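Below is one structure, written out as structure tokens; the observations come after it.
The values are calculated or read from the model by the stated rules, or taken from the named source; none is laboratory data. For clarity, every value in this text was computed on a predicted model and none was experimentally measured. Positions of Cβ are generated from backbone atoms using ideal geometry, with glycine treated the same way; all protein chains shown enter the neighbour counts. For accessibility, only protein heavy atoms count, side chains too; no ligands or nucleic acids. Shrake-Rupley method; radii C 1.70, N 1.55, O 1.52, S 1.80 Å.
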Amino acid sequence: TDAHRAAGSGPGFTWRPAPLQALDLGLLRIDAVLSGAWLQPTDSHVDCTIAGDHCRLVVTLRIVPPAS
């Protein structure tokens with residue numbers, strides 16, 4: 001499961017080239033968190049407040065016990 005597709009909002013852009021690093025936004029969505037049946041995403045958002053070429057991808061996952 002793609003966490004952003006399941007529980008995120010907005011474009012989810014996480015990469016930004018050097019000329020855009022001063023801006024609080026990303027340009028492309030190249031980072032992802034994938035999960036399976038035992039972990040389900042409940043929230044996904046991007047934090048572009050730090051300097052660098054990648055924004056932080058913040059995902060909250062919920063543990064789902066297997067059916068017995």
Net length gained if the chain between A22 and D2 were fully extended (0.36 nm per residue, minus Cα distance): 4.4 nm
Which of L57, L28 is most accessible, then next, and so on - probe 1.4 Å: L28, L57
Expected 222 nm ellipticity per residue - DSSP helices of 4 or more, -39500 (n - 2.57), all of the chain, to 500: -1500 deg cm²/dmol
Listed values [x] 1.09; [y] 0.93; [z] 1.03, entry calculated as Rg/Rh (Cα atoms, Kirkwood Rh): [x]
Simple label model, 7 Å out from Cα along Cβ direction - F13 to I63, nm: 3.7
Contour minus Cα-Cα distance for R56 and A37 (0.36 nm per residue): 4.4 nm
Accessible area (Å², per residue) of the chain, counting only protein heavy atoms and a probe of 1.4 Å: 66
Percent carbon-and-sulfur accessible area, the chain, ignoring ligands, DNA and RNA, probe 1.4 Å: 61
